[in-house]
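K.L.:
Before I ask anything, let me first share the structure, which is written out below as structure tokens.
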């Protein structure tokens, strides 16, 4: 071996990097003990190795910090995203359920229909003779206990044309199994119109005779002016469970899903309801405008809007 | 044929990234183990900053071992890193116990006292770092690959586009001489 092995730079590097065998290392170290300049050469090489490594580590540490910061900035805040997504899902779900979007709804205000109801007293198709005017109206408008709570939730009667169009695409869903032309319409149980009159009466009685007389005059005038436009209608009732799945949304919205068929002048309404009792009941139908009608089923009044198919006039 | 990475575990994927020199593997591992390490250091009188600093050092140790082929997978990477952090943090705590903070009214240290060897050594290392910063890019890479990553001259030649290992070795020699010159000039300027 060379007396000054440190003259060989490869050997010095291998010694400092620890890539030589244990035996070789011991031999080299024995020489270092007696050669100060060799010791200095090794120390310089070792310093270079330490310095370069330290430099590399610092650089890597800085890059690592930068990478972590960048990843954190880019990281998706999943808890927030999940919360927002859940909120959106709920909103969209509610929107779809309650049809916040889509076609403009055709609305008939309850009071408009209620205003028409007094004219029932003059109906020439009334099946219960002997009862007249307000008395008959009061009886007609008594809501059935089961339907009252549902009806009270409705402050406006709203029938969406989309429901009709939706059903046009589902003719195969005809519960009767026939291929007749039919449409689905939605009926709304009218909140006791009698209540309005009772309230009005009470108010008038408190105010004295003159206003009451004026109100009665108005009522009579309205009853006379109401168009007597009775329609020949066949009314049927089917249980709710026979309702095609595509129409069950109406039940959820507290509507009375009704299948509407028309043949010539004749009209047929099949009401799907477990609460309305059509069996053996007196039923009257009144057209209150070109596209709206009321069905009086004993204690309940169901309002319909049929905007697509105008009612035939007699 | 190499298996697709999707068939390997997360540790294997990170190790593969490190072997390929992809530093994002370290960032991934940092995120994976940070909570554990911070929990440990906070529970042992340290701060969040201490914990992250310790974890970064541990990751660099892992990087060096993997890159130089001295790493052997005997436990999960998170366990390996936490082991390093624990050892180093305990040493830090032991150091703090041995060197309690001097009281505010204590005498200033005597200039005649022998300088701490570690401080002198650190100053020398700092000079090399400064010199490295002044080196050209190729020399910096050659020296880093040789001394830090302990790559063979063949590897360095391939990575840096030298025609062969002998050319790379020649370049390394030139770079070392340039570094020594810079070191000397820094030392001389400090002494003057």
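The values are calculated or read from the model by the stated rules, or taken from the named source; none is laboratory data. Since this is a predicted model, take the numbers as computed values, not measurements. Ideal geometry is used to build each Cβ from the backbone, glycine not excepted, and the neighbour counts take in all protein chains shown.
K.L.:
How many residues are surrounded by fewer than 18 Cβ atoms within 10 Å (Cβ to Cβ) and more than 14 Å from every other protein chain (Cβ to nearest Cβ) when one looks only at segment B:67-83?
P.N.:
Qualifying residue count for the region: 8.
K.L.:
Can you tell me which residues in segment B:42-66 are outside any loop (DSSP other than H, G, I, E, B), more than 10 Å from every other protein chain (Cβ to nearest Cβ) and surrounded by 15 or more Cβ atoms within 10 Å (Cβ to Cβ)? Let's see the steps before the verdict.
P.N.:
Pass one, segment B:42-66, residues outside any loop (DSSP other than H, G, I, E, B): B:42-43, B:48-66.
Applying the additional criterion that residues be more than 10 Å from every other protein chain (Cβ to nearest Cβ) yields B:42-43, B:48-51, B:54, B:58, B:62, B:65-66.
Result: B:50, B:51, B:54, B:58, B:62, B:66.
K.L.:
Ok, one more. Take segment B:155-192 and flag every residue that is more than 10 Å from chain A (Cβ to nearest Cβ), closer than 26 Å to residue B:70 by Cα and loosely packed, with under 13 Cβ neighbours inside 10 Å.
P.N.:
B:161, B:164, B:166
K.L.:
Across segment A:246-270, what is the number of residues that are assigned to a strand (DSSP E or B) and over 25 Å from the mean Cα position of the chain (by Cα)?
P.N.:
Here is the first cut: in segment A:246-270, the residues assigned to a strand (DSSP E or B) are A:256-263, A:266-270.
When the remaining residues are screened for being over 25 Å from the mean Cα position of the chain (by Cα), the result is A:260-263, A:266-270.
Residues meeting the conditions: 9.
K.L.:
Residue B:39 passes all but one of (1) in a helix (DSSP H, G or I); (2) surrounded by 15 or more Cβ atoms within 10 Å (Cβ to Cβ); which number fails?
P.N.:
So residue B:39 meets the others, but not (2).
K.L.:
Okay, next question. Can you pull out the residues in segment B:155-165 that are assigned to a helix (DSSP H, G or I) and either in contact (Cβ under 8 Å) with a residue 12 or more places away in the chain or out of contact with any helix residue (DSSP H, G or I) (no Cβ under 8 Å at 6 or more places or on another chain) (or both)?
P.N.:
Our first condition is that a residue be assigned to a helix (DSSP H, G or I); within segment B:155-165, this holds for B:155-160, B:165.
Selection gives B:156, B:158, B:159, B:160, B:165.
K.L.:
Working only within segment A:22-37, note down all residues that are assigned to a loop (DSSP other than H, G, I, E, B) and at pLDDT below 85.
P.N.:
Correct list: A:33, A:34.
K.L.:
Further, regarding this structure: For segment B:9-36, how many residues meet the condition of being outside any helix (DSSP H, G or I) and either in contact with a helix residue (DSSP H, G or I) (Cβ under 7 Å, 6 or more places away or on another chain) or within 14 Å of chain A (Cβ to nearest Cβ) (or both)?
P.N.:
Filtering segment B:9-36 for residues outside any helix (DSSP H, G or I) gives B:9, B:20-23.
Filter once more, so that each one left must be either in contact with a helix residue (DSSP H, G or I) (Cβ under 7 Å, 6 or more places away or on another chain) or within 14 Å of chain A (Cβ to nearest Cβ) (or both): B:21-23.
Here the count works out to 3.
K.L.:
Criterion first (away from chain A (no Cβ under 12 Å) and modelled with pLDDT under 95) does residue B:96 satisfy it?
P.N.:
On the way: away from chain A (no Cβ under 12 Å): yes; modelled with pLDDT under 95: yes.
Answer is yes for this residue.
K.L.:
So which residues in segment A:38-81 are loosely packed, with under 11 Cβ neighbours inside 10 Å, assigned to a helix (DSSP H, G or I) and more than 10 Å from every other protein chain (Cβ to nearest Cβ)?
P.N.:
A:73, A:74, A:78, A:79, A:80, A:81
K.L.:
Let me ask you something else. Is there a residue in segment B:114-130 that is more than 21 Å from residue A:64 (Cβ to Cβ), at pLDDT 90 or above and away from chain A (no Cβ under 14 Å)?
P.N.:
No, segment B:114-130 contains no residue that is more than 21 Å from residue A:64 (Cβ to Cβ), at pLDDT 90 or above and away from chain A (no Cβ under 14 Å).
K.L.:
In addition: Looking at this structure, is residue B:8 modelled with pLDDT of 90 or more, out of contact with any strand residue (DSSP E or B) (no Cβ under 9 Å at 6 or more places or on another chain) and either closer than 30 Å to residue A:17 by Cα or surrounded by 14 or more Cβ atoms within 10 Å (Cβ to Cβ) (or both)?
P.N.:
For residue B:8, the condition - modelled with pLDDT of 90 or more, out of contact with any strand residue (DSSP E or B) (no Cβ under 9 Å at 6 or more places or on another chain) and either closer than 30 Å to residue A:17 by Cα or surrounded by 14 or more Cβ atoms within 10 Å (Cβ to Cβ) (or both) - is not met.
K.L.:
Could you please let me know if residue B:47 is within 18 Å of residue A:54 (Cα to Cα) and either in contact with a helix residue (DSSP H, G or I) (Cβ under 8 Å, 6 or more places away or on another chain) or modelled with pLDDT under 85 (or both)? Even if it seems obvious, please write down each step before you answer.
P.N.:
Working: within 18 Å of residue A:54 (Cα to Cα): no; either in contact with a helix residue (DSSP H, G or I) (Cβ under 8 Å, 6 or more places away or on another chain) or modelled with pLDDT under 85 (or both): yes.
Taking the combined requirement at face value, the residue does not satisfy it.
K.L.:
What's the total number of residues in segment A:230-245 that are modelled with pLDDT of 80 or more and part of a strand (DSSP E or B)?
P.N.:
We begin by selecting, within segment A:230-245, every residue modelled with pLDDT of 80 or more; these are A:234-245.
Filter once more, keeping what is part of a strand (DSSP E or B): A:234-238.
Residues meeting the conditions: 5.
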